Amino acid sequence: MSTSICHTDTKKIIDISSINTFKIGRLSENNLSIQNVWISRRHAMIQRESTNTYYVIDLGSANGTFVNGVQITTPTKLRSGDTLSFGKTHFTFHTTENPPPPPGVLNQTSGDETVAFINKRKATIMVCDIHRYTELSELVGNEKVSNMLQTWNRLTSEIIHQFKGQIDKFIGDAVLAFWIQEKHEHLAGVLSAALLIQQMTARLGVKRDLPFPLSIGTAINTGDVMLGNMGSSGQRNYTMIGDAVNTAFRLESQTSKTKEVIIGKETYSLLKSPKRLFTPQTFDLKGKKDKIEAYSTTFRQLEYDLNKNNTIDLI
């Protein structure tokens, strides 16, 4: 039995028979790295189930994944002869492990099938990063900074869980957290969590007698994400990916003393009176062809607004 994908232009055949999770994207870590502006860093993956059934799963790409010309939003079963399109790059899927479908049928998953590990959800993502962390390490040494960071991670976790958020991961001096968006009321908790993390960070810097005040930058963005196990060959790696996540990291990199908190356009739309708190901005973000519209504020203004109104006004 064999399974492969064939590039429709170059006719190059790529054997995927021995790979349970075949990843496609721009990054070199993918099984198939496609250097094309229409391809996201982690664009899609083809996953083989224990029954030797294959599914293609879009990983929240910016330009979509298509099966036989139809954009997919859920894990989709593949049949031999299906056309796969990642952005504007096209392949034909071939396998001897399952029969071809009736003409014109797109094989979405049925109610009694379980595609392991992947779940598409609407979420609000928060990225918090300690400013001047590298400089701090050079001034006081890695051991002191490492001990401080352990405390920061623990207290940050407590704050996020207090406001019913979930932590995806800690990455060096940053945290990636998310709130599943069932109702928009969660956003008040997201902003409150961001403020408390900033206040905790400032107190921690004073307590540890650091050479300059500690502060964080925070970006908050709302959009579709893929949640699940993105590992391969039996290695579990439960995580969250998608264009909304990438944008949150890019926005956080734009934070500064005058733009300590930056929120994305969809997050902004969930606020009832956002103009009193957030200033519109446009950003040139790496990996984005067009400028991104976002909105910024300071922690001082956010604290004033929360104290004055006891909550964030939501739609």
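Averaging 1/r across all pairs of distinct Cα atoms in the chain and inverting the result yields a Kirkwood radius of 21.4 Å. Rounded to the nearest 10 degrees, the inclination of helix 299-309 to the longest alpha-carbon principal axis of the chain is 80 degrees. Distance between the pseudo-spin-label points of Lys144 and Thr279 (7 Å out from Cα toward the beta carbon): 3.4 nm. Our helix-only sum for the chain, with -39,500 (n - 2.57) per DSSP H run of n ≥ 4 divided by its residues, gives a mean residue ellipticity at 222 nm of -7500 deg cm²/dmol.
Compute the distance in nm between two label points, each set 7 Å from the Cα along the Cα-to-Cβ direction, one at Lys272 and one at Ile14. Result for the modelled spin labels: 5.0 nm. Helix 243-252 and the longest principal axis of the Cα set of the chain meet at an angle near 30°. Computed over neighbours whose Cβ is under 12 Å from that of Ser33, the net charge equals +3, Lys and Arg +1, Asp and Glu -1. Could you work out which residue, out of Lys207, Lys120, Lys77, moves most in a Gaussian network model of the chain, that is, has the largest mean-square fluctuation with Cα springs under 10 Å? Among Lys207, Lys120, Lys77, the largest mean-square fluctuation in the Gaussian network model of the chain belongs to Lys207. Dipole of the chain computed with +1 at Lys/Arg Cβ and -1 at Asp/Glu Cβ about the Cα centre; of Ser253, Gln162, Ile13, farthest Cα towards the positive end is Ser253. Once you reduce the stretch 161-228 and the stretch 1-31 to the center of their Cα atoms, the two points are 37 Å from each other. Sequence-distant contacts, meaning Cα pairs under 8 Å at least 6 residues apart, place the relative contact order of the chain at 14 percent. Axis of helix 142-162 versus longest Cα principal axis of the chain: the two differ by about 80°, to the nearest ten degrees. Taking Gly172, Gly242, Gly223 in turn, the Gaussian network model of the chain (Cα-Cα springs below 10 Å) assigns the largest fluctuation to Gly172.
Cross-link partners of Lys207 among lysines, defined as those whose alpha carbon lies under 23 angstrom from its own and excluding same-chain residues fewer than eight positions apart: Lys144, Lys257. Rolling a 1.4 angstrom probe over the protein heavy atoms with all chains in place gives the chain an accessible area of 49 Å² per residue. How high is the relative contact order of the stretch 132-180, in percent, counting Cα pairs under 8 Å that sit 6 or more residues apart? Rounded, it is 25 percent for the stretch 132-180.
The values are calculated or read from the model by the stated rules, or taken from the named source; none is laboratory data. Small disclaimer: the values here were computed from a predicted structure and weren't measured. Because the Cβ atoms are built from the backbone with ideal geometry, glycine has one as well, and the counts that use them run over all protein chains shown. Quick note on the areas: whole protein, heavy atoms, side chains included, nothing else; ligands and nucleic acids left out. Shrake-Rupley method; radii C 1.70, N 1.55, O 1.52, S 1.80 Å.
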